[in-house]
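One structure is given here, and the rest of the page talks about it.
The values are calculated or read from the model by the stated rules, or taken from the named source; none is laboratory data. Everything numeric in this text was worked out from a predicted model, so none of it was measured. Virtual Cβ from ideal backbone geometry, glycine too; neighbours counted across all protein chains shown. Side chains are part of the model used for accessible areas, which takes the heavy atoms of the whole protein and leaves out ligands, DNA and RNA. Shrake-Rupley method; radii C 1.70, N 1.55, O 1.52, S 1.80 Å.
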Amino acid sequence: IYELMFHPLIHPSFTAAREVKLDGAEMVIAVRIGAEARAYPIRSLSYHHVVNDVLGGTAIVATY
């Protein structure tokens with residue numbers, strides 16, 4: 001049944017932080033590996049529940 005409930009985000013797209021228009025109260029899950037960093041908005045993760053990504057050459061999963 002969980003396969004029907006969750007819609008993983010397999011190929012996420014990203015925008016440079018200086019170009020993103022987030023509300024100041026927007027909550028994110030932040031991940032940093034070496035010099036690379038990503039922020040996954042909770043608003044998106046509340047629908048997808050899981051993001052498969054590669055960061056700093058390492059495969060990661062962000063979940064909420």
- [ ] Answer yes or no as to whether V28 is touching an Asp or Glu at 6+ places or on another chain (Cβ under 8 Å) and either modelled with pLDDT of 85 or more or surrounded by 12 or more Cβ atoms within 10 Å (Cβ to Cβ) (or both).
- [x] no
Open item on the list: Quick test for you: out of A17, A39, pick the one residue that is open to solvent by less than 80 Å² (accessible area, probe 1.4 Å) and not acidic (D, E).
Closed with: A39
Open item on the list: Of the conditions (1) open to solvent by less than 50 Å² (accessible area, probe 1.4 Å); (2) within 13 Å of H11 (Cα to Cα), A59 satisfies every one except a single condition; which number is it?
Closed with: (1)
Task: Conditions (1) touching a Phe, Trp or Tyr at 6+ places or on another chain (Cβ under 9 Å); (2) at pLDDT 90 or above: number failed by E36 - done: (1)
